[in-house]
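One structure is given below, encoded as structure tokens.
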Amino acid sequence: MDFVLENGIRVWQSDLAMAKPLTNVITKPMRGDRQAYPELLLPPRQLEFFSEETSGKDIRSSTFAENLSLPIHRWFRYSAGFSALWAREVIAEQVALGRRRILDPFAGSGTVMLESERFVTEGKGVEAHPFVFRVAKAKLLWRSNPRAFFNAAMGLVKTARTKPSKMADYPPLIEKCFPADALLKLNALKAAWQQMADGSPHSELTWLVLASILRECSPVGTAQWQYVLPRKRKVRVLDPFAAFEAKVHQMCADMAIRQQEFCGPPALICRDDARECATIPDGWAELVITSPPYANNYDYADATRLEMCFFGEVQSWGDLQETVRKHLVRSCTQHVAGLRNGLETYFGNSVLAPIDTELREVCARLEAERQSHGGKKPYHLMVAAYFSDLARVWQALRRVCAKDCIVCFVVGDSAPYGIYVPVDRWLGELALAVGFKSYRFEKTRDRNTKWKNRKHRVPLHEGRLWVVG
């Protein structure tokens, strides 16, 4: 028997021995830990793909906000994600219907992977962003011995507090974001971590602790999507040593809680390109849950520039092109600014045939409109490149998906320079073109309303694109 009953909870015997010693370590329970992860056993029922009704809770599917209160998910704040609880509900429904191989081709910080582990399923994720991939891979190490991790992490803090370290040369962004005393402590923590860095689970978990506290220890502001705002100041700033220790306590508590729940096999995340899915076998996936980059000119590479600069992975904004951007789906103008080829590079491609006429018209309007704007952003190239890339994603998914697979994309439409781009419909048509049977879009919320449409008056929405077969 692989598990025993402990106070009515099914617990893996091997994990029970690791979790119990933590009673002397975690003295203050984290708010909402137990309530956040109730056992979820939903009755079998078919997803209502063709229902026009959307419940109020469905709005949350496209936001990462509630994940910040959930164990493991909250270890690193990566805003480009969606609700873990919603993903869990979808997985539970589909597991009840017999689907057990789950794929997220834009895995991000591992939301779907972590939720797939709650069931007897096989979970796999694909992520191209090197830093975000490492974050997700570290989060999936929650099965590690929490007592051993706690001892290793606290030993690191002790080293950082007592042993002097040579201050590293940091990029200008880091010097703008941290006072000298805070940077000195962070540098000491990094130096102590570098002494133990060996790629082991404890080393990677400790790396994640340090990465996750950087913004909490900086007085500069952060925009909604993690952009750093050096001219904006925060009221509450944490001491690096205190923040590090608090994060270690939180992570150990989360590990103990998760290890006392009945969990399925470990999920696997691979450094791979969603346009290829080279690490996924043919016909493997039975359920796909994901959120591709939106065509809204958000630079996913820049979202982690602060952390990457701190760890020496990049020195400047320009370094992101070679280190990160070239690996990503082209969803912002920074991805296409250096392209010398025009729109004809994309038009005429057979994979874009279903939307070719409309795509040409929209791109022509964008190319003309840009001339009346000071920035002259190449949105026409961005939109063409974006759908060219997403067409390749659908081709890859058709290869790796089983014949009766269910695919759910959390997506939003776009209107650069006020010219509407019907993203969800075009993606649905591209899916049909490569052999999927049908699609339907389920709207969950309106967008572009918070600032009273300050950029344009085009109504936008967000929701779930369901693709069958």
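Observations on the structure shown:
- Residue in the stretch 200-223 that is at pLDDT 95 or above and farther than 17 Å from residue 76 by Cα present: yes
- Residue-level check: of (1) under 30 Å from residue 302 (Cβ atoms); (2) part of a loop (DSSP other than H, G, I, E, B); (3) of a type in the set (Gly, Ala, Ser), residue 123 misses just (2).
- Long-range neighbours under 8 Å by Cβ, at least six apart or interchain, first residue among the acidic types (Asp, Glu) within the stretch 223-240, second modelled with pLDDT of 75 or more and surrounded by 11 or more Cβ atoms within 10 Å (Cβ to Cβ): 239/182; 239/185; 239/217
- Meets criteria (among the aliphatic types (A, V, I, L, M), within 16 Å of residue 242 (Cα to Cα) and touching a Leu at 6+ places or on another chain (Cβ under 8 Å)) for residue 186: yes
- Meets criteria (surrounded by fewer than 16 Cβ atoms within 10 Å (Cβ to Cβ) and either in contact (Cβ under 8 Å) with a residue 40 or more places away in the chain or under 17 Å from the mean Cα position of the chain (by Cα) (or both)) for residue 265: yes
- Leading residue by the ranking (surrounded by the most Cβ atoms within 10 Å (Cβ to Cβ)) among those in the stretch 229-257 that are in contact with a Pro (Cβ under 6 Å, 6 or more places away or on another chain) and part of a helix (DSSP H, G or I): 255
- Residue check for residue 256: of a type in the set (A, V, I, L, M) and touching a residue at least 24 places away in the same chain (Cβ under 8 Å): yes
- Scanning the stretch 323-334 for residues that are under 17 Å from residue 391 (Cα atoms), buried (at least 18 other Cβ atoms within 10 Å of the Cβ) and not polar (S, T, N, Q) turns up 328, 329, 330, 332.
- Residue identified as outside any strand (DSSP E or B) and either in contact (Cβ under 8 Å) with a residue 12 or more places away in the chain or more than 19 Å from residue 409 (Cβ to Cβ) (or both) among 270, 277: 277
- Residue identified as crowded, with 19+ Cβ neighbours inside 10 Å, within 18 Å of residue 423 (Cα to Cα) and within 21 Å of the chain's Cα centre (by Cα) among 300, 379, 294: 294
- Count of the stretch 335-359 residues which are more than 15 Å from residue 420 (Cβ to Cβ) and surrounded by 12 or more Cβ atoms within 10 Å (Cβ to Cβ): 15
- Only one entry in 363, 405 is buried (at least 22 other Cβ atoms within 10 Å of the Cβ) and over 29 Å from residue 107 (Cα atoms), namely 363.
- Residues of the stretch 160-187 that turn out to be in contact (Cβ under 8 Å) with a residue 40 or more places away in the chain and either touching a Gly at 6+ places or on another chain (Cβ under 7 Å) or among the small types (Gly, Ala, Ser) (or both), as a count: 3
- Unmet criterion (only one of (1) modelled with pLDDT under 95; (2) farther than 24 Å from residue 272 by Cα) for residue 403: (2)
- Across the stretch 200-222, not a single residue is classified as surrounded by fewer than 15 Cβ atoms within 10 Å (Cβ to Cβ), touching a Cys at 6+ places or on another chain (Cβ under 8 Å), small (Gly, Ala, Ser) and under 30 Å from residue 122 (Cα atoms).
- Scanning the stretch 99-120 for residues being in a helix (DSSP H, G or I) and under 11 Å from the mean Cα position of the chain (by Cα) gives a total of 3.
Table: residues versus (1) farther than 28 Å from residue 230 by Cβ; (2) assigned to a helix (DSSP H, G or I).
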residue	(1), (2)
133	no, yes
137	yes, yes
142	yes, no
148	yes, yes
151	yes, yes
175	no, yes
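The values are calculated or read from the model by the stated rules, or taken from the named source; none is laboratory data. As the structure is a prediction and not an experimental result, all values here were calculated from the model. For neighbour counting, all protein chains shown are included, and Cβ atoms are generated from backbone atoms with ideal geometry for every residue, glycine included.
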